[in-house]
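**Student:** Just dropping this structure here.
The values are calculated or read from the model by the stated rules, or taken from the named source; none is laboratory data. Model, not experiment: these values are computed from the prediction. Because the Cβ atoms are built from the backbone with ideal geometry, glycine has one as well, and the counts that use them run over all protein chains shown.
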Amino acid sequence: MWCVTSGKLLRVFTECRLPVNCVKFSPDGKFLAAASEETSVRIFDLAAGTQLCELKDHLTSVTSIAWSADSKFIISSCKDGTVRLWNIQKLENYFLR
């Protein structure tokens, strides 16, 4: 992740082992979601600089992700046409205790 104003490298995300298909920042700026060929979506906590969780429920590569306007939900879709809705607020409360 690079700073667009300074050009400085801020963070390298090494958790994804296979190619990443889609990356989206949450509207509130707290999280980064990365969809990959791993059949999962990884959610990163930007303040902590760590992976919050890995959402595993797809059977094929995740091709697209989108955040709700309130940053409480993420929708992911994969190559087989499956779409999943994730409640990130519940995950945040569980993982950030």
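**Student:** Just one of (1) within 23 Å of Leu10 (Cα to Cα); (2) without any contact (Cβ under 8 Å) to a residue 12 or more places away in the chain; (3) in contact with a Leu (Cβ under 6 Å, 6 or more places away or on another chain) trips up Ala48, so point out which.
**Tutor:** Here Ala48 meets the rest and fails (3).
**Student:** Follow-up question, since we're still on this one. Can you tell me which residue is nearest to the chain's Cα centre (by Cα) among those in the stretch 41-67 that are among the polar types (S, T, N, Q) and within 15 Å of Thr82 (Cβ to Cβ)?
**Tutor:** My answer is Ser64.
**Student:** May I pose another question? Check off (1) of a type outside the set (Val, Ile, Thr); (2) surrounded by 18 or more Cβ atoms within 10 Å (Cβ to Cβ); (3) at pLDDT 85 or above; (4) over 9 Å from the mean Cα position of the chain (by Cα) for Glu38 and give me the number that stays unchecked.
**Tutor:** Against the list (1) of a type outside the set (Val, Ile, Thr); (2) surrounded by 18 or more Cβ atoms within 10 Å (Cβ to Cβ); (3) at pLDDT 85 or above; (4) over 9 Å from the mean Cα position of the chain (by Cα), Glu38 comes up short only on (3).
**Student:** So, Asp80, is that one over 13 Å from the mean Cα position of the chain (by Cα), closer than 27 Å to Cys3 by Cβ, at pLDDT 85 or above and of a type outside the set (Phe, Trp, Tyr) or not?
**Tutor:** Taking the combined requirement at face value, the residue does not satisfy it.
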